[in-house]
Amino acid sequence: MGQGILSLLLRSLRTDSRSLLLHLAWLGLSVGIYVSLCMVIWGQRAIGAPGLGFLRNVAYLDAAILYLLGTPFFAGSIAEERDEGTLGLMRMAGLGSLGILLGKSIGRLVQVLVLMAIQLPFWWLSVTLGGVTSNQLWLLAISLFAFVVALAGIATACSVVCSSTQAATVMTSVVLAIHLLAGFVEDGIGSSQILISTSIWQRISDILATGSNESTWSVQVVSNLVAGFSCYVLSWLLFGTLRDEIVAGKSPLAIYRAWKIARPMAHRESRVWGLSCTWKDFQFVLGGWPVLLLRMAFYVGLFLAAGLFNFQSLLGGPGGWGQTHASFQFALIFAIPFDAGLLFAAALQSEIRGQTLSLLVMLPRQFGNSLGEKFLGILPGVVPGISAFVLSCLAEPRAFFHSTDQFVVLTSWMISIPFVAAVLSTFLRWGAAPLALALMFGGLILLDWLLFRTLQVISREFTGYCVGFGYLLLCGVCVLVIMLRLVRLASR
């Protein structure tokens, strides 16, 4: 048993160390640290404690990378073996449920901890720059470690329960989003600060505050460690209980699909529409009408969460609705492109993993038309988010967007993210949508810092329109790259 766990752990470490996404995460973290250092050096005259500002930027960058890239990384620990059909082989090799869980998840946990450890020299550099003590560094390291354990435990549990890597990633993202939104709602209502104190974002803010004197075993550290180990135990219990179903590629979340297949023929909808590729992606990638209704409910719940977050402002008068719509629009700026990126990436990944690209290219029609039909099938999944965004902007046009050029830049930026995610999905097995959001958000911050703060452009409005046109041009380039890349993959 011990030898099997060690062999699986070494295999997991070797496989993950060759993952393109992991190397891109290292590169992105290094670039982010370098940019943060340059910003501190160039603006050191306006900063009283440059080391504190530098460490704060790096800490928030770490948390963002863990949220965006750590979620699909840990969520694929068990689900990717199910996708590849190798769980049965592991059982035949004599590995038990605990052995498979430890061998797969610990390897990924080690990789993430190595990713955190390579930046320790930069952390100590912040002490040299001034404004940071060594005690704050250790508190930050312990807090991030506790969050990594919690993230790994939650994602592993979702990976055990869900039937695919995509479903596990979505479920983990939903759990993390609910925890984050619940903390913001709790803070907006003004009740007890229990949930917000368990958040890594609040913990970073408390540790890196001027004159901070935080304790090591805070609520965030203890709660995250307990949640992580509890989820590991739950994963072990579920893996042992649902062993045969998991090996067969089933999961508790597949009950609805089994019921749908078992319905009498007389009550089923027609097998295909006029556009067969559109029907296939609408039913099997998007999930059909039930998932579309769930997406509508998600955006309604997001608006309610924004209202509760600004609960005190709503009680103060009608001006609170403007703040509610501002918070709602800010959340939609990230939620809509991330949701659309997941759909665009899943539409292409379904063909790549199913090895049906060659059949799609050989159809007696233009390949671009087939690709357009596929994207048309998942387009209804983006309609709820776009509708919520349009209605909110019509209700409060100046709630979040204070100028026309800002609206043009951000909307074109949102449109470009799904296309970038689709391009990345042709190179990566998982994590295309989070990586696309991280890259584009980093590029947006870099453009704002470079154009409007460093170069001090004369016409901000004209520059904004140029940046928006550049993002739309990027969409066209992505479409061309997608078609060339898919044709090349189909010829293999």
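Normalised by the residues of region 274-492, what does the relative contact order come to in percent, with Cα pairs under 8 Å and at least six apart?
28
Classify region 274-492 as rounded, prolate or oblate, taking a ≥ b ≥ c as the square roots of the eigenvalues of its Cα gyration tensor: rounded when a/c is under 1.5, otherwise prolate if a/b is larger than b/c and oblate if not.
On the way: a/c = 2.59, a/b = 1.46, b/c = 1.77.
Verdict is oblate for region 274-492.
Using a 7 Å offset from the Cα along the Cα-to-Cβ direction at both ILE352 and ARG488, what is the distance between the two label points in nm, to one decimal?
1.2
Taking the Cα-to-Cβ direction at PHE462 and at PHE367 and moving 7 Å from each Cα, how far apart do the two end points lie in nm?
Distance between label points: 4.2 nm.
Given a Förster distance of 30 Å, report the FRET efficiency between THR128 and TRP449 from their Cβ-Cβ distance, rounded to the nearest 0.05.
The pair THR128/TRP449 has a calculated efficiency of 0.80.
Specify whether the C-alpha gyration tensor of region 85-219 places it in the rounded, prolate or oblate class, a ≥ b ≥ c being the square roots of the eigenvalues: rounded for a/c under 1.5, otherwise prolate if a/b is larger than b/c and oblate if not.
Note, shape of region 85-219 comes out oblate.
Can you pull the one-decimal nm distance between simple spin-label points at ILE386 and TRP138, each 7 Å off the Cα toward Cβ?
5.5
Pick out, from ALA490, TRP289, LEU444, the residue whose Cα sits farthest towards the positive end of the charge dipole of region 274-492, with +1 on the Cβ of Lys and Arg and -1 on the Cβ of Asp and Glu.
Working it through, the farthest residue towards the positive pole turns out to be ALA490.
Throughout, read-outs are computed from the coordinates displayed, never taken from laboratory work. A quick note: this is a predicted structure, and the numbers were derived from the prediction, not measured. Neighbour counts run over all protein chains shown; Cβ positions are idealised from the backbone, glycine included.
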